[in-house]
Each structure stands twice: as structure tokens, then as C-alpha cells.
Amino acid sequence: MLTSSIFPERSTRRRRNALETEAKELITSMIAKGMGAREIWTELMDTHNISTSHALVAIQIRDANRRHTAPG
């Protein structure tokens, strides 16, 4: 039975980009090869046994493109 209608705070916060450094480096090299998000995700899962979401791969690609095209 619930005693309060207020949800407790999460004990841990999720990080938006929760990929390991190794995965980020792999993704960066695959972007440089011209691979798309689906290809990268499949390669990570099938070849490198790195489990991640397609969304995180897409975020990494977006961020890499922003760094590449950012003025400065």
C-alpha cells in the first residue's frame, strides 16, 4: 500500500551519453568511414559485442557532426 502520492527521488541519475570510451572511439572511426547510424549500431552489436541503443549511436553521430562543423 502506498503511503504517499509523491514519488521518491531516483537513487542514481542516468547519464545521457552512457557509452564507454572504447565504444565512442569505435563510433568515431566508423563515422569517419562514412557509416550511418544503423550500420554502426549493427557493427557494435554483432562484431564488437557492445550493447547500446540506436538512439545513443545517433546522438554520438549528431555530436560528432556538430564538432566537425562548429565555427572556431
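Taken together, the values in this text are just the output of simple stated rules run on the coordinates, not laboratory data. What you are looking at is a predicted structure, and each value in this text was computed from that prediction instead of being measured. Counting neighbours? That spans all protein chains shown, and the Cβs are built from the backbone with ideal geometry, glycine included.
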Practice item. Could you check the simple spin-label distance between R62 and R38, using points 7 Å along Cα→Cβ, in nm with one decimal? Key: 1.9 nm
Review point. With charges only on Cβ, +1 for K and R and -1 for D and E, what is the dipole size of region 21-69 about its Cα centre, in debye, rounded to 20?
Key: 260 debye
Point to revise | For region 21-69: span of alpha carbons on each principal axis (Å, largest first) | key: 31, 20, 19
